[in-house]
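Please read the structure below before turning to the comments.
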Amino acid sequence: MGEWIDISQPLTDKIAHWPGDKPFSYSLTASKQETKSVNIGQITTSLHTGTHIDAPFHFDSNGKTIEQLDINLYIGKSVVIDVSQANTITAEVLSQYHWPSEINRVLLRTSLPNNPERFPDVLPNLDPNIAPYLQRLGVFLLGVDMPSVDAPDSKDLVTHHALQDHGIHILENIMLDQIKPGEYELIALPLHIHGADGSPVRAALCPINKEDAQHDK
């Protein structure tokens, strides 16, 4: 395998956040000059800023919270698929792609440019009919290079619920602009935040095949 590639959005004070949500901020609460030994920092943020996973509790008050999820969901073989030619991503669009049956994590590279400092007004549409299709293929994790699997102004979150109903977990805001389609090992571990509806992750890919070892230029 090749080297690990970071596909996380960098958490800086410039990172975009959901309108009305808590923006990310890092600051020192104490300096080494003050403590005579160490610098001590703190962060404030929404759990859905930057690259993150959604726990079912995020959109279902009876759903599992972060610490109740199996971390093995977020470690293992994955496939990156380029669906950037489609404004609406349906089961029919996904049926054009094929990957080994043992790969259960699908990451979608959409037409949305990866710009961590801008919150997009419009997202490519993920049709909820992808959920039963992916379930039939044994997929249990869907990653997207967008802040949500539903439209930013959605209140019913149809695709979130469809994915949950079909046993598929959600990884959002990954950075795939420079990643070639292909097979990869994925690590996107959430923090162990008890009772949380989501968690930031440090997501990374490692190419399984030599031909996928280089980034797109």
Tally up the residues in the range 1-31 that are under 25 Å from residue 180 (Cα atoms) and either β-branched (Val, Ile, Thr) or touching a strand residue (DSSP E or B) at 6+ places or on another chain (Cβ under 6 Å) (or both), please.
8
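For the structure I just gave you, tell me whether residue 150 is buried (at least 20 other Cβ atoms within 10 Å of the Cβ) and either out of contact with any Lys or Arg (no Cβ under 7 Å at 6 or more places or on another chain) or in contact (Cβ under 8 Å) with a residue 40 or more places away in the chain (or both). Talk me through it step by step, then tell me what you get.
On the way: buried (at least 20 other Cβ atoms within 10 Å of the Cβ): yes; either out of contact with any Lys or Arg (no Cβ under 7 Å at 6 or more places or on another chain) or in contact (Cβ under 8 Å) with a residue 40 or more places away in the chain (or both): yes.
Against the criterion (buried (at least 20 other Cβ atoms within 10 Å of the Cβ) and either out of contact with any Lys or Arg (no Cβ under 7 Å at 6 or more places or on another chain) or in contact (Cβ under 8 Å) with a residue 40 or more places away in the chain (or both)), residue 150 qualifies.
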Looking at the range 122-138, is at least one residue in contact with a helix residue (DSSP H, G or I) (Cβ under 9 Å, 6 or more places away or on another chain), buried (at least 18 other Cβ atoms within 10 Å of the Cβ) and over 17 Å from residue 89 (Cα atoms)?
no
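Hand me the list of strands (runs of 3 or more DSSP E) wholly inside the range 1-120 holding 1 or more residues that are without any contact (Cβ under 8 Å) to a residue 60 or more places away in the chain. Spell out the reasoning first.
On the way: elements: 25-30, 40-44, 52-54, 75-82, 105-109.
By residue number, 25-30, 40-44, 105-109.
Here is a yes/no grid of residues against (1) surrounded by fewer than 18 Cβ atoms within 10 Å (Cβ to Cβ); (2) farther than 28 Å from residue 206 by Cα; (3) among the polar types (S, T, N, Q):
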{"position": "23", "(1), (2), (3)": "yes, yes, no"}
{"position": "26", "(1), (2), (3)": "yes, yes, no"}
{"position": "40", "(1), (2), (3)": "yes, yes, no"}
{"position": "50", "(1), (2), (3)": "no, no, no"}
{"position": "80", "(1), (2), (3)": "no, no, no"}
{"position": "102", "(1), (2), (3)": "yes, no, no"}
{"position": "107", "(1), (2), (3)": "no, no, no"}
{"position": "116", "(1), (2), (3)": "no, no, no"}
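Since every read-out is calculated from the coordinates, none of them should be taken as a lab result. Please read these numbers as outputs of a predicted model, since none were measured by experiment. Reconstructed Cβ throughout: ideal geometry from the backbone, glycine too, with neighbour counts over all protein chains shown.
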